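Reviewing the structure listed below.
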Amino acid sequence: QVQLQQSGAELVKPGSSVKISCKASGYTFTSYDMHWIKQQPGNGLEWIGWIYPGNGNTKYNQKFNGKATLTADKSSSTAYMQLSSLTSEDSAVYFCARFGYGLDAWGQGASVTVSS
Amino acid sequence: IQMTQSPSLLSASVGDRVTLSCKAGQNINNYLAWYQQKLGEAPKLLIYNANSLQTGIPSRFSGSGSGTDFTLTISSLQPEDVATYFCQQYNSWYTFGAGTKLELK
C-alpha cells in the first residue's frame, strides 16, 4: 500500500534552517507530484508547493518563495523540504502528500518548533 | 482562488443528514476535493473531482456541485465522523478552505 513516512519532530533556533524528509513506498515515486502543506496549531491548511520527482520540476506558492526548497532523491524514493531563515511564524506541522486525483496519500506530519 | 466554507462549526446528532458548503471565488471546473481531518491526524481524501468517492471511503459520504458551489453530504452521521472537513480546489494552483468543524450534539 502507498505510504509516506516523514522524519521526526524538530526543535530549531531562529535564523537557522531545517530539512524534513518524506520517504515514499508502495508506488512508483517518479510518477506522481509530491506536495507539501503547512498547518499551524488551530489553523487550516496552507499549500507550499510541489515537486515532480521524475524530472525535478517544482512549483511554489509565491508566499514560500525563498523560504522553502523542494528536492527529491529518486534512488531512495525520498522527497525533502528545506525551510530557511526560520522564525516563530514557521512553527507548524508540515505534511507531504502525493497528488493523484486530489491529495490521496499523506505523511503523518513533521512538527517544527522554532524557539531560542 | 479563494475558497469559503460554511458553517465554520456544525453540531449534529448521530443519524442526521449533514451538509457542508464550499464556495469558490471563480469557476474551478469541478477540480475540487474534500478531506477529513481528525484530531492529531493527517487529512484523508474523501472526494475528488467534486463528486467521485475515494476508494475505501464509506458510501454515506457524497459530493456534489459544479462551477463555484459545492457540497459535501453525510447521509447518516456516525460518531467516527467527528472531525474537521476541508475543501480544496486544484483548478488553478491549490487552495484550501478554512474548514468546517463537525461535532456531536
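The values are calculated or read from the model by the stated rules, or taken from the named source; none is laboratory data. These numbers were taken from a predicted model, which means no experiment stands behind them. FYI the Cβ positions are ideal-geometry reconstructions off the backbone, even for glycines, and counts take in every protein chain you see. When the accessible area is computed, the model is the full protein with side chains, heavy atoms only, and any ligands, DNA or RNA have been set aside. Shrake-Rupley method; radii C 1.70, N 1.55, O 1.52, S 1.80 Å.
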*Considering only residues of the range A:61-77 that are of a type in the set (Gly, Ala, Ser) and buried (at least 17 other Cβ atoms within 10 Å of the Cβ), which is nearest to B:Phe96 (Cα to Cα)?*
A:Ala68
*What number of residues within the range A:78-110 are open to solvent by 30 Å² or more (accessible area, probe 1.4 Å) and either among the basic types (Lys, Arg) or touching a helix residue (DSSP H, G or I) at 6+ places or on another chain (Cβ under 6 Å) (or both)?*
0
*Check whether at least one residue in the range A:72-80 is in contact (Cβ under 8 Å) with a residue 24 or more places away in the chain, of a type in the set (Lys, Arg) and more than 10 Å from chain B (Cβ to nearest Cβ), and report yes or no.*
yes
*Say we look at the range A:22-47 and pick out the residues that are under 26 Å from B:Tyr85 (Cα atoms) and among the small types (Gly, Ala, Ser); which of these is modelled with the highest pLDDT?*
A:Ala24
*Could you tell me whether the range B:13-23 includes any residue that is under 15 Å from the mean Cα position of the chain (by Cα) and not in a strand (DSSP E or B)?*
yes
_Just the residues that are among the charged types (D, E, K, R), in a strand (DSSP E or B) and more than 8 Å from chain B (Cβ to nearest Cβ), please, taken from the range A:90-106._
A:Arg98
*So how many residues does the range B:47-93 have that are more than 12 Å from every other protein chain (Cβ to nearest Cβ) and assigned to a strand (DSSP E or B)?*
12
*Taking B:Cys87 and the conditions (1) closer than 23 Å to A:Tyr94 by Cβ; (2) open to solvent by 20 Å² or more (accessible area, probe 1.4 Å); (3) within 12 Å of the chain's Cα centre (by Cα), which numbered condition does it fall short on, given that it satisfies the others?*
(2)
_Among the listed residues A:Ile20, A:Ile51, A:Ile37, identify the single one that is within 12 Å of another protein chain (Cβ to nearest Cβ) and in contact with an Asp or Glu (Cβ under 8 Å, 6 or more places away or on another chain)._
A:Ile37
